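To keep things clear, I will list the structure first and then write my remarks on it.
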Amino acid sequence: MRLSESSFQQLKALIGEALNEFRRPQEQSVVTDIHIMPIRETGDVTISDDDRDLATVRLSDLVEIPEEDFYQVMEKALRRILKDIDQVDPLENLAIWKPFSFVLVDDDRETVAELMLFDEDNTLLSQSLMQGLDEELDSFLKDLLAE
């Protein structure tokens, strides 16, 4: 299952609208995350920063995605959209203090997936770089404490 092309384009426009808040010449915002919260039951997708909602849209075909696949479908679509946007207008240029992340969250605002992370050096850390990091850190800490 995947999003329809119409929903994909609406979602891309929604993200663009929300990001306009951080593209204006101004002081850098102290934001740690940009949250993207899709609600399967209503079809609403809300983008918010740490304090406020930035943009919302209702996508009727979200309710048709099977519940067990919902976040995987959304994660894949959002990664593609963010990559597309970043190629046209680099997201590292947003007026947001680094580090900051784009995060897929559930309706309780719990993190489902980190979609993109930018550090102080404006480096985009991809998902493949982050995979296995927890296990490596746990192993390192275990070895360190054993000494």
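The values are calculated or read from the model by the stated rules, or taken from the named source; none is laboratory data. All values derive from a computational prediction rather than experimental measurement. All Cβ positions, even for glycine, are placed from backbone atoms using ideal geometry, and neighbour counts span all protein chains on display. For the accessible areas, the whole protein counts, side chains as well, though only heavy atoms, and no ligand, DNA or RNA atoms are used. Shrake-Rupley method; radii C 1.70, N 1.55, O 1.52, S 1.80 Å.
The table for this structure:
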item	result
R109 vs. criteria in contact with a His (Cβ under 8 Å, 6 or more places away or on another chain) and touching a residue at least 12 places away in the same chain (Cβ under 8 Å)	yes
Residues that are in a helix (DSSP H, G or I) and in contact with a Phe, Trp or Tyr (Cβ under 6 Å, 6 or more places away or on another chain), drawn from the range 83-117	E92
Residue count, the range 52-94 (criterion: farther than 21 Å from R40 by Cα and hydrophobic (A, V, I, L, M, F, W, C))	4
Members of the range 8-57 that are more than 21 Å from T111 (Cβ to Cβ), at pLDDT 90 or above and over 17 Å from the mean Cα position of the chain (by Cα)	G43
Tabulated pairs, the range 30-55, first open to solvent by 20 Å² or more (accessible area, probe 1.4 Å), second basic (K, R), C-beta under 8 angstrom, 6+ apart or interchain	H35/R109; M37/R109; T42/R58; D44/R58
Test result for V105, under 13 Å from the mean Cα position of the chain (by Cα) and surrounded by fewer than 19 Cβ atoms within 10 Å (Cβ to Cβ)	yes
Single match in A18, A13, A95 (criterion: open to solvent by 50 Å² or more (accessible area, probe 1.4 Å), among the small types (G, A, S) and more than 18 Å from A113 (Cα to Cα))	A13
